[in-house]
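Undergrad: Questions regarding the structure given below will be posed in turn.
The values are calculated or read from the model by the stated rules, or taken from the named source; none is laboratory data. What you are looking at is a predicted structure, and each value in this text was computed from that prediction instead of being measured. Using ideal geometry, Cβ is built from the backbone for each residue, glycine included, and neighbour counts are taken over all protein chains shown. Side chains are part of the model used for accessible areas, which takes the heavy atoms of the whole protein and leaves out ligands, DNA and RNA. Shrake-Rupley method; radii C 1.70, N 1.55, O 1.52, S 1.80 Å.
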Amino acid sequence: MSDIQPDSSAAVKYEGEENDWAAAKAFFDNLKSNKPRPPKPRNAVTIAVSSRTLFNMVAERKIYEEEGVEKYVTYQVDNENQPLKPGPAFPFVKALMTVNSRLRKLYPDSEELFDIVLMTNNHAQVGVRLINSINHYDLTIERFCMTGGKSPIGYLKAYLTNLYLSKDSDKVTEAIEEGIAAATMFTLDKETELCENQLRVAFDGDAVLFSDESEVIVKKHGLDSFFEHEKKFENSPLAQGPLKCFLEALGKLQRKFYAKGQRMDCPIRTFLVTARSAASSGARVLKTLRSWGLEIDEAIFLAGAPKGPLLQKIKPHIFFDDQMFHIEGAKELGTISAHVPYGIGQKYKKEKLIEQPAKEE
């Protein structure tokens, strides 16, 4: 017979605590309520964010570029208990969670929610630091896709992605060519105070919500021809642009609040901020949205004036534009901005890079 005797204190602990199934069940029920399961992708509005947009990884990226992938992975593992700092998409993700919280109160059993997916080409060894950082900030992100150095773009359609945000412009371009709404995000030099109880999303019009049809006419034939064209085709809807489907997804969730009498207290607000002039070319834009069955909460026609000062007042969690000129102006005044590489402006830029590489360097 063995001389080893059972630890009586452990037995008491087991009987008094571990065997208290009612308490354990209450604990796990509470855990479930704090961390709700992600909705099924077919019901959700899926937002895929890269690790470098969700978190500020400038220092880590420098190690990767200067010392290589092995040193980078080692650094991430050695610092996995040190939370990463928030990146440019962080306020946007927090605002998505705020909307989800309101939706769950109105529709407890509905899966029509935002589902945030971390889509990164990081190696799985880095995953622990990413998970620890997400838990540190209490973010509801349960779906991860870590591709170990390979491009994650091929997985976006499998995740039924409604919007992809990255700091890699090549990947964003690849996603748009695959028909997925996408944009390149930029880190601000200073923090901006944003609304905490409402998601605010601002869109440019041409080559973002709409096709680049009108921009083609401006670049090829000038403004006078553009105004004549818009007047002639005022009642013909513009073709859709790369982010029309995302506006459509936002509208679907907005209508859930309207159905409960909360139009004036809706936690989603959308803005059209366009360089078009209202009298000369605004009617076609509004009629196009109407023909799509979509609403925009606020429409701002600037007639060529800078967008930055108006965006500074709106304070969107994200502003989408296809022109870097507008992106830079918005960033300078503290607006979180995302570039949509689409349309003739991007083709023109590529042609210039090919024709005159020395001047562009």
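Undergrad: For the subset of region 227-254 comprising residues that are hydrophobic (A, V, I, L, M, F, W, C) and not in a helix (DSSP H, G or I), which member is most open to solvent (accessible area, probe 1.4 Å)?
TA: 233
Undergrad: In the set 180, 141, 131, 153, which member is more than 29 Å from residue 266 (Cβ to Cβ) and touching a helix residue (DSSP H, G or I) at 6+ places or on another chain (Cβ under 8 Å)?
TA: After applying the criteria, what remains is 153.
Undergrad: Based on this model, can you work out whether residue 110 counts as open to solvent by less than 60 Å² (accessible area, probe 1.4 Å), free of Cβ contacts under 8 Å to residues at least 40 places away in the same chain, hydroxyl-bearing (Ser, Thr, Tyr) and touching a Pro at 6+ places or on another chain (Cβ under 9 Å)?
TA: Judged against the criteria, residue 110 is not a match.
Undergrad: Run down 147, 184 and say which single residue is hydroxyl-bearing (Ser, Thr, Tyr), surrounded by 15 or more Cβ atoms within 10 Å (Cβ to Cβ) and within 24 Å of residue 39 (Cβ to Cβ).
TA: Every option except 147 fails the conditions.
Undergrad: Tell me, which helices (runs of 4 or more DSSP H) lie completely within region 107-197 with 1 or more residues that are out of contact with any Phe, Trp or Tyr (no Cβ under 8 Å at 6 or more places or on another chain) and under 23 Å from residue 334 (Cα atoms)?
TA: Those helices (runs of 4 or more DSSP H) span 169-177.
Undergrad: Return the only residue of 176, 153, 134 being open to solvent by less than 30 Å² (accessible area, probe 1.4 Å) and either among the aromatic types (Phe, Trp, Tyr) or in contact with a strand residue (DSSP E or B) (Cβ under 7 Å, 6 or more places away or on another chain) (or both).
TA: Values: 153 fails: either among the aromatic types (Phe, Trp, Tyr) or in contact with a strand residue (DSSP E or B) (Cβ under 7 Å, 6 or more places away or on another chain) (or both); 134 fails: either among the aromatic types (Phe, Trp, Tyr) or in contact with a strand residue (DSSP E or B) (Cβ under 7 Å, 6 or more places away or on another chain) (or both).
One residue alone meets the criteria, 176.
Undergrad: Restricting the first residue to region 273-298 and requiring it to be aromatic (Phe, Trp, Tyr), which pairs with a second residue that is in a helix (DSSP H, G or I) and open to solvent by 10 Å² or more (accessible area, probe 1.4 Å) meet a Cβ separation below 9 Å and a spacing of at least six or different chains?
TA: 292/244; 292/248
Undergrad: Can you tell me which residues in region 60-80 are under 30 Å from residue 337 (Cα atoms) and either open to solvent by less than 60 Å² (accessible area, probe 1.4 Å) or touching a residue at least 12 places away in the same chain (Cβ under 8 Å) (or both)?
TA: Of everything in region 60-80, those that are under 30 Å from residue 337 (Cα atoms) and either open to solvent by less than 60 Å² (accessible area, probe 1.4 Å) or touching a residue at least 12 places away in the same chain (Cβ under 8 Å) (or both) turn out to be 60, 63, 68, 69, 72, 73, 75, 76, 79, 80.
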